[in-house]
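**Student:** My questions will all concern the structure given below.
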Amino acid sequence: MSETKKIEKSRMGNGAVVAMCCSFVIGMGAMAYAAVPLYEMFCKVTGYGGTTQRVEQASDVVLDQTIKVRFDANVAPGLPWTFTPVQREIELKIGETVQVFYKARNNASRPTTGQATFNVTPEATGAYFNKVQCFCFTETTLKPGEEMEMPVVFFVDPEIVKPVETKGVHTITLSYTFFPREASKPVAAAADVKADDANNL
């Protein structure tokens, strides 16, 4: 084999290695990008990590058995709010649909926006804690000094009494943490901003 052919073969081999490395990096990047939404979807479906379930209608089965639900409220750094549950604890029948309220106040001198994350403990109960309505599904914007009561409508699925890991649970804690968010602009407003930017070019 001539020296030229050896060099060409070596270059082809190096090119294949580079192509494989690039494909690996791109593939890992795509997997990392998809990991968060896939994990969130997994948690919502299974209740993993204490993630509660979202449902469209109330339960039609109510057991003659009660359970306590405690309410916890937190605010992340960077959001100047006071956030508390109106009630610290209630006792309800398993399967009974109830409404409770949290209260938030903006202590800043400007409008601020937050969105809540949530979970329940024990974590195994997440698959049985069903929310019909919740302020956590959307962003909340409060004006300076504004105070708002925010409802949560939920029920505990009667199926909770069947699995070994949850049938002995007598108390569930529902916890929210509000994080700061940039207020989302309406689609029409965003289009107007882009149009103004284009006219200024």
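**Student:** Name the residue that is farthest from residue 100 (Cα to Cα), counting only residues in the stretch 135-162 that are surrounded by fewer than 17 Cβ atoms within 10 Å (Cβ to Cβ) and charged (D, E, K, R). Let's see the steps before the verdict.
**Tutor:** Step one: list which residues in the stretch 135-162 are surrounded by fewer than 17 Cβ atoms within 10 Å (Cβ to Cβ), which gives 137-139, 141, 143-149, 151, 153, 159, 162.
Restricting the remaining residues to those that are charged (D, E, K, R) gives 139, 143, 146-147, 149, 159, 162.
Numbers: 139: 19, 143: 23, 146: 20, 147: 16, 149: 10, 159: 22, 162: 26 Å.
Per the stated criteria, the residue is 162.
**Student:** Determine the pairs where a residue that is at positive phi and touching a residue at least 12 places away in the same chain (Cβ under 8 Å), located within the stretch 143-160, has a partner that is open to solvent by less than 60 Å² (accessible area, probe 1.4 Å) and polar (S, T, N, Q) with Cβ atoms under 9 Å apart, the partner being 6 or more residues away or on another chain.
**Tutor:** 145/106
**Student:** Just give me the residues in the stretch 85-100 being outside any loop (DSSP other than H, G, I, E, B) and closer than 23 Å to residue 137 by Cβ, in sequence order.
**Tutor:** Passing the criteria: 85, 90, 92, 98, 99, 100.
**Student:** What is the residue count in the stretch 135-170 for residues that are modelled with pLDDT of 95 or more, part of a helix (DSSP H, G or I) and in contact with a strand residue (DSSP E or B) (Cβ under 7 Å, 6 or more places away or on another chain)?
**Tutor:** Adding up the residues that qualify gives 0.
**Student:** Pull up the stretch 101-134, narrow it to residues that are part of a helix (DSSP H, G or I) and either open to solvent by 10 Å² or more (accessible area, probe 1.4 Å) or of a type in the set (D, E, K, R) (or both), then point me to the one that is nearest to residue 84 (Cα to Cα).
**Tutor:** 123
**Student:** Go through the stretch 171-193 and report how many residues are loosely packed, with under 10 Cβ neighbours inside 10 Å and either modelled with pLDDT of 70 or more or basic (Lys, Arg) (or both).
**Tutor:** Adding up the residues that qualify gives 1.
**Student:** Right, here's the next one. Identify the residue in the stretch 65-84 that is without any contact (Cβ under 8 Å) to a residue 60 or more places away in the chain and outside any strand (DSSP E or B) and, among all such residues, is most open to solvent (accessible area, probe 1.4 Å). Break it down into steps so the answer makes sense when it comes.
**Tutor:** As a first pass, look at the stretch 65-84 and keep what is without any contact (Cβ under 8 Å) to a residue 60 or more places away in the chain: 66, 77, 80, 82, 84.
Still in the running and outside any strand (DSSP E or B): 77, 80.
On the way: 77: 124, 80: 45 Å².
In this case the residue turns out to be 77.
The values are calculated or read from the model by the stated rules, or taken from the named source; none is laboratory data. Just so it is clear, the model here is predicted, and its values are computed rather than measured. Positions of Cβ are backbone-derived with ideal geometry, glycine not excepted, and every protein chain shown enters the neighbour counts. Ligands, DNA and RNA are excluded from the accessible area calculation, which covers all protein heavy atoms including side chains. Shrake-Rupley method; radii C 1.70, N 1.55, O 1.52, S 1.80 Å.
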